[in-house]
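So the structure is just underneath, and the comments pick up after that.
The values are calculated or read from the model by the stated rules, or taken from the named source; none is laboratory data. Because the structure is a prediction, the values reported are computed rather than measured. Cβ coordinates were reconstructed from backbone atoms using ideal geometry, including for glycine residues, and neighbour counts include every protein chain displayed. To get the accessible areas, we keep the full protein, side chains included, count just its heavy atoms, and leave off ligands, DNA and RNA. Shrake-Rupley method; radii C 1.70, N 1.55, O 1.52, S 1.80 Å.
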Amino acid sequence: MRVLALAALMFAFGMAVASAGTLEQVKARGYLGCGVNEGTPGFSTPDAKGNWTGLDVDYCRGIAAAIFNDKTKVRFTPTASQERFAALQAGQFEVLSRNTTWTMDRDVSLGLEFIGVDFYDGQGFMVPKKLGIKSALELNNAVVCTQTGTTTELNAADFFRTHKMKYKILVYQKEAEYLAAYDMGRCDADTTDKSGLYGDRLRLKNPEDHVVLPETISKEPLGPSVRQGDPRWADLCRWVLFALINAEELGITSKNADAMRNSPSPEIRRLLGKEGAFGRSLGLTDDWAYRIIKQVGNYGEIFERNFGMQTPLKIERGLNNLWTKGGLMYAPPIR
Amino acid sequence: MLRRSVERMAARKSARQYWRSLAWQLAVVAAALLVMAWMAVNAVESLQRQHIASGFDFLNETAGFGILQTSVHYTEESSYGRVLLIGIINTIIVAVISIVLATVLGFLIGIGRLSMNWLVSKVCAAYVETLRNIPLLLQILFWYFGVLEALPYPRNSVRVGEGLFILNNRGLYLPLLQSESGAWLVWGALTIGVAAALALRSWAVRKQMATGVRPATTGMVFGILLGLPALALAATGIPFSLNWPHLDGLNFDGGLHIFPELAALAVALATYTAAYIAETVRAGLQSVSRGQREAAAALGLKPSLAVRLVLIPQAMRVIVPPLASEYLSITKNSSLAIAIGYPELVSVFAGTVLNQTGQAIEVITITMGVYLALSLLTSLLMNWYNSAQAMRGE
């Protein structure tokens, strides 16, 4: 069905949009098209005035800042999970930045190209604080609640089997019932993707009485993707993501970006366009990364703004910390 | 002579009618089968065209997920076929419990509604009108969350003894009687004891019918019922052990564990269906002519005996056929359990297994087949009971 819809859309809009020259088209049109989630806290949510916020949103704003020196030149298209790939294929936007798990099947059989990971998600457990548990390995003989899904039950079963622990799993059809059952203490733990757990926590009676355990029991790397067929456009999008991560590693923030331009460090000078001609090779100006960081901030700033301790979600960096701080965020060098 | 030939003509005509209607019926059945075959072939072809797996081989594949309530051996390494079996067993467990509860409650309320006592009859009427006018799903959720709200956390469990009775919001834990080798002898002795006691009772009743005097059998009944198993116990050296619930990790483990999901679902199904059964019982009782009640009173039977010996046996002929439909409804309504996580057939098989294998057509076909088989079996039993109850010699 989805394949049919995709084929129909591709036929209707023609494959021309997928050919080379995406950057030129975007420049000529004057704004970037960006496909986002209809509303998931932390990733992309519109406010009452139609202003979008979130990690996925900020990534697209970064691309706009690099191209137009104006982070507002983005048009966001909310798209449902079933139609996201077809919409990208059909040319409704140039970047799909919609908390999408990078899997082999999607990468090789849907005619799109994942350009990196901007959020390492994975299934985890949430427990009430009063249980006094610090690790998922202490969940022996626990009752675990979840919603019927394709892989959550399997991941949980694998985890308990691997660690030779007993457990009981309760599977509910709807979110409302499973959250209510967890809130009433029917289960010791709630399990789903971690970013989902933090969202669940906001909907409990007393969110601060619950804690997400550190273990991650499945891999859900989320990242933006583009259409196959324009390697230059894919390069540009990939290096915008790398610039965000490199900037954090080098300590460049939206506040100190101006001052950093005078830094003696060659790495910083290359990133901010004082040395080399890296921007021109991308079809941009050499201060492309400076524009991004000045207007949107580095990866760490974006993460804190959307998921951090100052937000209701209160998600810790964990795997999404820099590789130098025990996380997985690692970008190739600019040189 | 004339009459004879008219009769023969009528017979020939009715034979012709018989064959014609038989031909029609065969044609309709054949057409229906053709349409179904066409649909099946079509489905298989289009699945193959889209490279979607089909067939029933998946039943042998490893399931890989856990199930809350398993009464036969099951691990994550068991097959989807075993998941199907567990789903069926869990459906039957909740259906049987609900049917027994609903029947008892339904009869009490149905009889109560006809009571001379104003309060009793009004309370019963209010029960029927309330329970059958609220959607069943809401009632299931009400009982489930009501039960959860009322029960304490595991740390504050209600306990009697070390493990005799443990109640918390994870369920009710009781010691479980486990049979060791030789236990079959005790069970056999108990079965024989029960059969003998029943035979003795029916002999006593027959004797009472014939002579008006009931022989004193109580002592013998108890002797057989208790004596035989006691003898077997002594001979085999008590081949039983108790599996006590004990704390392990975050929860109790072992013993007999009754889950809140099962309790809430059974109570909701039973109380809801009891309202319908009560109405059926009332209709049945009212179908018995007034004269019967008056005659029973004239013979000096007190009201409770009149209901039990005169009214109910006659009312049963009216009650049993609709009662069968209520039982079928209970079995089918148990599929609403998916809302509260009770792992019956629809939840584990048409839910999780379907999600994981993606073989929707096969899974749904099997599920429908199981419900059909369960319903036909229930109907068969009820029809057999009904023919046993039917008035004979009329």
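Annotations
- All positions within segment A:57-78 that are of a type in the set (Ser, Thr, Tyr) and either within 15 Å of the chain's Cα centre (by Cα) or surrounded by 22 or more Cβ atoms within 10 Å (Cβ to Cβ) (or both): A:59
- Annotation note: of B:301, B:305, the sole residue that is part of a helix (DSSP H, G or I), surrounded by fewer than 18 Cβ atoms within 10 Å (Cβ to Cβ), free of Cβ contacts under 8 Å to residues at least 12 places away in the same chain and aliphatic (A, V, I, L, M) is B:305.
- The number of residues in segment A:230-247 that are in contact with a Leu (Cβ under 7 Å, 6 or more places away or on another chain) and either open to solvent by 30 Å² or more (accessible area, probe 1.4 Å) or not assigned by TED's automatic domain parsing to the domain that holds residue A:302 (or both) comes to 3.
- Taken together, the residues in segment A:125-155 that are open to solvent by 40 Å² or more (accessible area, probe 1.4 Å), closer than 30 Å to residue B:350 by Cβ and more than 9 Å from chain B (Cβ to nearest Cβ) amount to 1.
- Residues satisfying the stated conditions in segment A:156-182, i.e. more than 9 Å from every other protein chain (Cβ to nearest Cβ) and crowded, with 20+ Cβ neighbours inside 10 Å: A:159, A:182
- Considering segment B:242-259, the residues that are crowded, with 19+ Cβ neighbours inside 10 Å and facing chain A (nearest Cβ under 7 Å) include one that is nearest to residue B:158 (Cα to Cα), namely B:251.
- Selection of segment B:354-377 for residues being away from chain A (no Cβ under 14 Å) and among the aliphatic types (A, V, I, L, M) yields B:361, B:364, B:366, B:368, B:370, B:372, B:373, B:374, B:376, B:377.
- Residue selected from segment B:354-369 under the condition open to solvent by less than 20 Å² (accessible area, probe 1.4 Å) and assigned to a helix (DSSP H, G or I), by the criterion modelled with the highest pLDDT: B:367
- From the list B:351, B:341, the one residue that fits, being within 14 Å of chain A (Cβ to nearest Cβ), in a loop (DSSP other than H, G, I, E, B) and touching a Ser or Thr at 6+ places or on another chain (Cβ under 8 Å), is B:341.
- Scanning segment A:183-199 for residues that are open to solvent by 10 Å² or more (accessible area, probe 1.4 Å) and part of a helix (DSSP H, G or I) yields a count of 6.
- The number of residues in segment B:162-188 being farther than 29 Å from residue A:183 by Cβ and either open to solvent by 60 Å² or more (accessible area, probe 1.4 Å) or not small (Gly, Ala, Ser) (or both) comes to 13.
- Residue list for segment B:308-332, filter: of a type outside the set (Gly, Ala, Ser) and touching a Phe, Trp or Tyr at 6+ places or on another chain (Cβ under 8 Å): B:320, B:326, B:331, B:332
- Listed by first and then second residue, the pairs with beta-carbon distance under 9 Å, at least 6 apart or on different chains, first residue in segment B:171-199 and farther than 22 Å from residue B:237 by Cα, second charged (D, E, K, R), are B:171/B:261; B:173/B:253.
- Segments classed as helices (runs of 4 or more DSSP H), wholly inside segment A:249-335, with at least 3 members that are open to solvent by less than 30 Å² (accessible area, probe 1.4 Å) and aromatic (Phe, Trp, Tyr): A:299-307
- If you go through segment A:183-204 and pick out every residue that is without any contact (Cβ under 8 Å) to a residue 24 or more places away in the chain and within 12 Å of chain B (Cβ to nearest Cβ), you end up with 2.
- Residues satisfying the stated conditions in segment B:73-92, i.e. open to solvent by 50 Å² or more (accessible area, probe 1.4 Å) and away from chain A (no Cβ under 13 Å): B:73, B:82, B:85, B:92
- Tally, over segment A:98-116, of residues that are surrounded by fewer than 21 Cβ atoms within 10 Å (Cβ to Cβ), in contact with a strand residue (DSSP E or B) (Cβ under 8 Å, 6 or more places away or on another chain) and part of a loop (DSSP other than H, G, I, E, B): 2
- Residues satisfying the criterion are present in segment B:108-117 (criterion: within 28 Å of residue B:287 (Cβ to Cβ) and hydroxyl-bearing (Ser, Thr, Tyr)).
- Positions within segment B:46-72 being modelled with pLDDT under 80, exposed (fewer than 13 other Cβ atoms within 10 Å of the Cβ) and outside any loop (DSSP other than H, G, I, E, B), in sequence order: B:46, B:48, B:49
- Check on residue B:191, of a type in the set (Ser, Thr, Tyr), open to solvent by 60 Å² or more (accessible area, probe 1.4 Å) and over 30 Å from residue B:342 (Cα atoms): yes
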